[in-house]
Amino acid sequence: MTWTRYRALHPSPKAPYGMGGMEGGLVSVVGTTSTTWPAANLAVYCPVVVTTHGTIIRFYAANGAVVSGNIDVGLYDIAGTLLVSSGSTPQAGTTAIQTFDTTDLVVGIGVFYLAVAVDNTTATIQCQTLTSAIHGKLAGFAEQTSAFPLPAVAALATFTRLIVPGIGASF
């Protein structure tokens, strides 16, 4: 039997741009909890650094205690152009990792945005809670209202939320 080991790409509230050594100075994280999505059709853009070439093969989201409506997870380039997304998908599986197969996408080294949008405010996602929205701003997070499904071009607005959603990509 052959085992395939996949690498994971996920957002972190701690220095997404590789500014190591700033643990605690850049972001203060309270914990990870099942969090109600803050606004219907809201997209949250989470900066991630890809340090090696690879192929994105699927996305995932850590669902919370209540699943409801639809979710869309995707990857944007640093300029805000959508590269690939799961498309609108029913949220399924309480307190479970939901995976989203997608068209394989080869990515190079660079900064990207992992994005997630939910079409309602009943759904929950496991999130880290920030003590202040300024921490998300400093880390490079952005948001967009009326962004479900994820748009072809992101309108990256100032981050005002206190969440880091539990989403990611396997490659």
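When ligands, DNA and RNA are left out and all protein chains stay put, how many square angstrom of accessible area per residue does the range 72-114 have with a 1.4 Å probe?
45
Can you give me the relative contact order of the range 118-170 as a percent, contacts being Cα pairs under 8 Å and 6 or more apart?
With pairs under 8 Å counted, the relative contact order is 48 percent.
How much net charge surrounds Ala154 when only other residues with a Cβ under 15 Å from its Cβ are counted (Lys, Arg +1; Asp, Glu -1)?
After counting each charged neighbour, the total is -3.
Return the carbon/sulfur percentage of the accessible area of the range 94-139, one whole number, probe 1.4 Å, all protein chains in place.
Heavy-atom surface of the range 94-139 belonging to carbon and sulfur, 1.4 Å probe: 53 percent.
With contacts defined as alpha carbon pairs under 8 Å and 6 or more residues apart, what's the relative contact order of the range 54-96 in percent?
That works out to 45 percent.
In the neighborhood of Gln91, defined by Cβ-to-Cβ distances under 12 Å, what is the net charge if each Lys or Arg adds +1 and each Asp or Glu adds -1?
-2
The values are calculated or read from the model by the stated rules, or taken from the named source; none is laboratory data. Since we're looking at a predicted model, the values are computed, not measured. Positions of Cβ are backbone-derived with ideal geometry, glycine not excepted, and every protein chain shown enters the neighbour counts. Accessible surface is based on the protein model in full, side chains and every heavy atom, while ligands, DNA and RNA are left aside. Shrake-Rupley method; radii C 1.70, N 1.55, O 1.52, S 1.80 Å.
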